[in-house]
Amino acid sequence: MEFNTKCRYNCFGKQSHIDTCTEGFRELEPFGFEFGEFGFGGVHVHFQVNVPKCYSLEEAEIMLKSHSAKKMFEQHPGFRKRYPGGGFWSGYEHHESTGLIDLEKSTAYCRSQQQRHGVMVIDDRQQRLPDVA
């Protein structure tokens, strides 16, 4: 699947934003969603997901977008300034079935998003300082 940010704002230039979004998607795993590779290209995300049969594609899209957006707004309050209406994702989505033969190509495509789009991701995650004796 592919989701674009609303107004195509470049929201995935920091590693903490990528981690939060990925975490928001992965929190749906208890509902039967199975995730593969994620690839962030600055203004969009490509990812592999197996959707449980009990959900239609539309229901799955709504669940994925709403839960990940909620997580982004909770973890990064500054996004409320950019998206005052609360809509993080655009209405556009792209989904296509991946067969076993194309799985390697799909994985490689997801992994190559930063290079493909020339995105430099800033690693802004907080790191532990070494203990001083």
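Data for the structure
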read-out: Of all residues in the stretch 88-106 being surrounded by 14 or more Cβ atoms within 10 Å (Cβ to Cβ) and under 15 Å from the mean Cα position of the chain (by Cα), the one that is modelled with the lowest pLDDT; value: GLU93
read-out: Residues (under 9 Å from the mean Cα position of the chain (by Cα) and either more than 23 Å from LYS81 (Cα to Cα) or at pLDDT below 95 (or both)) located in the stretch 18-39; value: PHE38, GLY39
read-out: Where CYS110 falls short, out of the listed (1) under 17 Å from ILE18 (Cβ atoms); (2) under 17 Å from the mean Cα position of the chain (by Cα); (3) surrounded by fewer than 17 Cβ atoms within 10 Å (Cβ to Cβ); (4) not aromatic (Phe, Trp, Tyr); value: (3)
read-out: Flag for PHE40 being closer than 23 Å to GLU74 by Cβ, in contact with a Lys or Arg (Cβ under 9 Å, 6 or more places away or on another chain) and of a type in the set (Phe, Trp, Tyr); value: no
read-out: Helices (runs of 4 or more DSSP H) contained entirely in the stretch 1-115, each with at least 1 residues that are closer than 25 Å to GLN126 by Cβ; value: 15-26, 57-75, 79-82
read-out: Pair list, Cβ under 7 Å, 6 or more apart: the stretch 63-82 residue of a type in the set (Gly, Ala, Ser), other residue part of a helix (DSSP H, G or I) and surrounded by 16 or more Cβ atoms within 10 Å (Cβ to Cβ); value: SER68/CYS21; SER68/GLY24; SER68/PHE25
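The values are calculated or read from the model by the stated rules, or taken from the named source; none is laboratory data. Computed from a prediction, not measured in an experiment: that's the story for all the values here. Cβ: placed from backbone, ideal geometry, glycine included. Neighbour counts: every protein chain shown.
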